[in-house]
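Student: Can you read through this structure? Questions will come right after.
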Amino acid sequence: MSLDIKMTIKNLNKIIRAYALKNALAHEGKANPGAVVSSLFNEGLEKSNVKEVMPKINEIIKEISGWKTEKQKKEFEKLKEFTSEREIREGLPELPNAEGGVVMRFRPAPSGPLHVGHIISAMPSSLYVEKYGGNFYIIIDDTDPATTRPEAYGNIKKDFDWIFGNVTEYIASSDRMDLYYGYAISLIEKSKAYVCTCTGDKFRELAKKKKNCPCRSKFVKKNILDWEKMIDSNGFNEGEAVLRFKSDMKNPNPAMRDFPLARISLTEHPRQKKKYRVWPLMNLVVSVDDMEFGMTHIIRGKDHGDNAKRQEMIFNVFGKEYPWAFFMGRVKFKDLNLSKRAILKKVEDGEYSGFDDEALPTIASLKKRKFNPEAFAEFAEQRGLTNVDKVMDSKDFFKVIDNFSREITNSKK
């Protein structure tokens with residue numbers, strides 16, 4: 001096992017116990033194994049050794065969870081010399097209620113190659129998990145069969161393992177369909193969702209006039225039957241029915257008026273093939289995942305402001321508190337087209353040799369060109385959390401990255 005000088009085999013149990021007690025005291029006596037593991041990374045534990053130490057972590061957490069707070073405090077005082085304070089990131093402000101660890105996520109769509117924009121968007125979450133300990137989930141948003149590409153699953157893992165190095169788990173949304181179906185039925189049973197058979201044009205006209213859709217008044221039993229009819233291959237056809245959240249058709253914000261939760265798509269899914277025909281939409285999928293994984297803090301683009309409001313409505317139905325959220329401004333490059341669809345087309349047309357072509361701003365290209373991942377982290381730290389957009393040339397951006405790389409290399413020397 002590769003360990004820091006301080007983290008000798010002899011002291012390993014004491015270090016685990018110290019961090020477990022520290023985390024337990026911050027969480028009403030209950031320690032989080034993920035937070036303890038993250039703390040051990042700072043002491044020199046390598047990812048390849050996590051499975052080896054996990055049984056001991058769980059054993060110690062089980063033991064101390066049965067102690068009273070006073071005993072936990074007393075034992076921690078004896079062992080606190082084995083813990084160290086995490087490095088304070090210069091430009092990243094402290095998160096509220098994060099002392100005992102955080103659970104954060106990033107949700108890429110598997111519709112094309114990841115690029116520098118994804119690094120900028122996801123890096124703050126990765127850094128906060130590194131800072132506080134906890135879990136960093138990459139959830140692949142693949143519930144749109146029409147845009148999901150089979151090679152994206154492996155590419156996302158390869159790219160993010162290189163740039164972040166602290167992803168807790170990679171999850172494909174389409175592997176959790178039964179869970180989303182269960183929540184959809186619960187929303188129907190709670191009279192907070194209904195199956196709408198109006199045409200898109202008709203519903204938009206009603207929403208514009210702030211009038212209720214006639215489907216809205218159906219009884220729960222009828223909505224359950226219609227939901228089953230959506231799922232049944234002999235039932236509704238594609239485009240004939242959608243599941244809608246029952247919000248308020250008079251909401252001042254048109255985007256909040258009975259927004260859709262699921263629709264029928266007969267396109268074959270690259271991963272699930274023809275197993276499903278009803279596909280949940282983003283606001284249902286994201287809400288369920290955030291509740292199930294216990295997200296504590298969410299950092300996302302400010303263009304997701306309305307989505308966050310919709311998702312909070314779903315949280316409220318289930319009596320859950322919505323996570324702390326921050327909406328970041330974008331870095332807009334004057335001279336880069338970061339459209340995954342555009343990059344994909346140019347690669348398919350032979351304009352570029354592949355996703356790792358050195359002329360592209362993809363993560364695969366940055367890795368091939370031997371950029372230093374730490375330099376992108378430094379950029380995120382210096383930028384901090386801001387809802388202000390930043391406009392710049394890619395040449396200026398990469399000049400900053402190169403400067404950070406040199407500073408990092410010199411400091412290590």
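Student: Test each condition in (1) crowded, with 21+ Cβ neighbours inside 10 Å; (2) under 21 Å from V331 (Cα atoms) for G305 and report the one that comes out false.
Tutor: Every condition holds for G305 apart from (1).
Student: For M291, indicate whether it is buried (at least 16 other Cβ atoms within 10 Å of the Cβ), in contact with a helix residue (DSSP H, G or I) (Cβ under 7 Å, 6 or more places away or on another chain) and farther than 30 Å from E94 by Cβ.
Tutor: Details: buried (at least 16 other Cβ atoms within 10 Å of the Cβ): yes; in contact with a helix residue (DSSP H, G or I) (Cβ under 7 Å, 6 or more places away or on another chain): yes; farther than 30 Å from E94 by Cβ: no.
The answer is no for M291.
Student: Closer than 26 Å to F397 by Cα, in contact (Cβ under 8 Å) with a residue 12 or more places away in the chain and in the same structural domain as L336 (by TED's automatic domain parsing), is that true of I120? Give the derivation first.
Tutor: Details: closer than 26 Å to F397 by Cα: yes; in contact (Cβ under 8 Å) with a residue 12 or more places away in the chain: yes; in the same structural domain as L336 (by TED's automatic domain parsing): yes.
For I120, the condition - closer than 26 Å to F397 by Cα, in contact (Cβ under 8 Å) with a residue 12 or more places away in the chain and in the same structural domain as L336 (by TED's automatic domain parsing) - is met.
Student: Follow-up. Looking at the structure I just gave you, is K158 on the phi < 0 side of the Ramachandran plot, assigned by TED's automatic domain parsing to the domain that holds Q272 and not small (G, A, S)? Steps first, answer last, please.
Tutor: Numbers: on the phi < 0 side of the Ramachandran plot: yes; assigned by TED's automatic domain parsing to the domain that holds Q272: no; not small (G, A, S): yes.
It is false that K158 is on the phi < 0 side of the Ramachandran plot, assigned by TED's automatic domain parsing to the domain that holds Q272 and not small (G, A, S).
Student: Looking at F355 and the list (1) closer than 22 Å to D175 by Cα; (2) part of a loop (DSSP other than H, G, I, E, B), which single condition is not satisfied?
Tutor: With respect to (1) closer than 22 Å to D175 by Cα; (2) part of a loop (DSSP other than H, G, I, E, B), F355 is out only on (1).
Student: Check D178, D159, D144 and return the single one that is acidic (D, E), part of a helix (DSSP H, G or I), over 18 Å from A325 (Cα atoms) and in contact (Cβ under 8 Å) with a residue 12 or more places away in the chain. Don't jump to the end; show me each part of the working.
Tutor: Numbers: D178 fails: in contact (Cβ under 8 Å) with a residue 12 or more places away in the chain; D144 fails: part of a helix (DSSP H, G or I).
After ruling out the rest, the residue left standing is D159.
Student: How many residues does the range 196-213 hold that are assigned to a helix (DSSP H, G or I) and not aromatic (F, W, Y)? Walk me through how you get there before you give the answer.
Tutor: Restricting attention to the range 196-213, the residues satisfying the condition of being assigned to a helix (DSSP H, G or I) are 200-208.
If we keep only those that are not aromatic (F, W, Y) too, we end up with 200-202, 204-208.
Of the residues in the range 196-213, 8 are assigned to a helix (DSSP H, G or I) and not aromatic (F, W, Y).
Student: Here's a follow-up. Give the residue, chosen from F236, F219, that is of a type in the set (F, W, Y), over 21 Å from M282 (Cα atoms), surrounded by fewer than 13 Cβ atoms within 10 Å (Cβ to Cβ) and not assigned by TED's automatic domain parsing to the domain that holds E151. Talk me through it step by step, then tell me what you get.
Tutor: Values: F236 fails: surrounded by fewer than 13 Cβ atoms within 10 Å (Cβ to Cβ).
Just a single option satisfies the conditions, and that option is F219.
Student: Any residue in the range 363-377 that's of a type in the set (V, I, T): show its pairings with residues that are surrounded by fewer than 16 Cβ atoms within 10 Å (Cβ to Cβ) at Cβ separation under 8 Å, as long as the two are six or more apart or on different chains.
Tutor: Once the first residue is of a type in the set (V, I, T) and sits in the range 363-377, its partners that are surrounded by fewer than 16 Cβ atoms within 10 Å (Cβ to Cβ) give I363/W162.
Student: Go over the candidates P108, P96, P113 one by one and state the one that is modelled with pLDDT of 90 or more, touching a strand residue (DSSP E or B) at 6+ places or on another chain (Cβ under 7 Å), surrounded by fewer than 16 Cβ atoms within 10 Å (Cβ to Cβ) and not hydroxyl-bearing (S, T, Y).
Tutor: Details: P108 fails: surrounded by fewer than 16 Cβ atoms within 10 Å (Cβ to Cβ); P113 fails: surrounded by fewer than 16 Cβ atoms within 10 Å (Cβ to Cβ).
Criteria check complete, one pass: P96.
Student: Also, quick follow-up: Out of the range 297-344, which residues are within 20 Å of Y183 (Cβ to Cβ) and of a type in the set (S, T, Y)?
Tutor: Result: Y322, single match.
Student: What is the residue count in the range 186-207 for residues that are in contact with a helix residue (DSSP H, G or I) (Cβ under 7 Å, 6 or more places away or on another chain) and either surrounded by 15 or more Cβ atoms within 10 Å (Cβ to Cβ) or on the phi < 0 side of the Ramachandran plot (or both)?
Tutor: Residues of the range 186-207 in contact with a helix residue (DSSP H, G or I) (Cβ under 7 Å, 6 or more places away or on another chain): 187-198, 207.
Applying the additional criterion that residues be either surrounded by 15 or more Cβ atoms within 10 Å (Cβ to Cβ) or on the phi < 0 side of the Ramachandran plot (or both) yields 187-190, 192-198, 207.
The qualifying residues number 12.
Yes or no, residue by residue, for (1) free of Cβ contacts under 8 Å to residues at least 60 places away in the same chain; (2) hydroxyl-bearing (S, T, Y):
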residue	(1), (2)
K192	no, no
R204	yes, no
K208	yes, no
P214	yes, no
S217	yes, yes
K221	yes, no
D226	yes, no
I231	yes, no
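Student: Give the number of residues within the range 302-339 that are under 26 Å from G34 (Cβ atoms) and not in a helix (DSSP H, G or I).
Tutor: Residues in the range 302-339 being under 26 Å from G34 (Cβ atoms) and not in a helix (DSSP H, G or I): 11 in total.
Student: What number goes with the only condition from (1) at pLDDT below 85; (2) within 30 Å of the chain's Cα centre (by Cα) that I9 does not pass?
Tutor: (2)
Student: Considering each residue of the range 139-168, count those that are buried (at least 22 other Cβ atoms within 10 Å of the Cβ), of a type in the set (D, E) and under 27 Å from R277 (Cα atoms), and give that number.
Tutor: Number satisfying all stated conditions: 1.
Student: Return the residues of the range 154-176 that are among the aliphatic types (A, V, I, L, M) and closer than 24 Å to V288 by Cβ; say none if nothing qualifies.
Tutor: I156, V167, I171, A172 - these are the residues of the range 154-176 that are among the aliphatic types (A, V, I, L, M) and closer than 24 Å to V288 by Cβ.
The values are calculated or read from the model by the stated rules, or taken from the named source; none is laboratory data. Since this is a predicted model, take the numbers as computed values, not measurements. Cβ atoms come from the backbone with ideal geometry, glycine included; neighbour counts cover every protein chain shown.
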